[in-house]
Amino acid sequence: MDWLLRLEAHPDDLSVRREFDAWHSRPANEAAFDEMKSVWSRLDGLAVPTGEPEAGSSPSISAIVAARSARPSLLRRSLALAAVALIACAALLSWPMLRLQLEADHLTGTAETRTLRLDDGSLAMLDAQSAVTINFTAGRREIVLLDGNAFFEVVPSTERPFVVRAGDVVVTVVGTAFAVQTNPRQVSVSVQSGIVRVASAARAPPATLTRGERLTIDRVTRHDVRSEVQPEDVASWRDGRLVVHNMPLRMVADELGRYHSGMIVFQDSAMADRLVNGVFNLRRPVEALSAAADTQNGRIRSVTPYFMLVSGK
């Protein structure tokens, strides 16, 4: 591709032609160049232009340059490739949201929170970019947290246990107030009041949590960590705060990203793994992310209003 670009940019430069001939004389380079030409031709939907060498023969520079008039410029071809790539990326990124829309009974958008009054009188509060399904029967109250974070205030009922599922993590309560937070790496359960029981495929027996306790389960390693949490900080997103303690910067970005319409990309994975402590304003996610990155000697660059790059200073 580099040679195609150089030949396109300098069709009359003899030194470029000589360098190309020397490079192209190697069998591996010739095979790679022929493969790129084939892809190039297929993208145009055209047959190989008249005057190009037959398969297996070495193409002359004059034939390559002459072919420029018979097909679109490499710039247009590159733009077409970029457009196809963007469409593919958009489809890939939109599929999870489409899946949620098909599966969820309730879901929230960017920077949107919602409070649901359930049939039994319990409350379910959804964080931004969160989704649930509700399965209530005569003997069981079950909610599946498909994505995001949720806080629950449960009306007691010994005859109908209240169950929240997040992947293979199952939280069972009788009457309490608690939060469940999910991301691709972890599931976290925090109790504001009452008692909950947390079970998972990797944990036996189930853990019992009381007021001010949190259990974080790593979805990859299956390890879990019990810690303390201030009851008023449980589901702090309800009052516009993100409270973090030893949280990787990439996870801070994920949580802030629920309140920002755009993509956040890390240039350096080491920066993304650095641990952050602090309280951040969810109503100003860009400034909050900038402040979090600054604590790790990082910076934010807004390439567009919808794309932020996190890198070191």
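General remarks:
- With 0.36 nm allotted per residue and the present C-alpha distance subtracted, the residue 115-residue 294 stretch has 61.1 nm of extension available.
- Cβ-based exposure ranking for 295, 221, in which fewest neighbours within 10 Å come first: 221, 295
- Spin-label pair residue 155-residue 277: with each label point 7 Å from Cα along the Cα-Cβ axis, the two points sit 4.2 nm from one another.
- Kirkwood Rh, Cα atoms: Rg over Rh of the range 112-239: 0.93
- Once both labels are positioned 7 Å from their Cα atoms along Cα-to-Cβ, the gap between residue 22 and residue 311 label points is 3.3 nm.
- FRET E, pair residue 267, residue 218, Förster distance 22 Å, beta-carbon r, rounded to 0.05: 0.30
- Relative contact order for the range 240-313: 37 percent, from Cα pairs under 8 Å spaced at least 6 residues apart, divided by residue count.
- Simple label model, 7 Å out from Cα along Cβ direction - residue 245 to residue 227, nm: 0.7
- Mean projected area in nm² (Cα convex hull; one quarter of hull surface) for the range 190-286: 7.2
- Gained length - residue 201 relative to residue 32, 0.36 nm times residue gap less alpha-carbon distance: 56.0 nm
All of the numbers you see were taken from the coordinates with simple rules; none came from a lab. Owing to the predicted nature of the structure, the values given are computational and were not obtained by experimental measurement. Cβ coordinates were reconstructed from backbone atoms using ideal geometry, including for glycine residues, and neighbour counts include every protein chain displayed.
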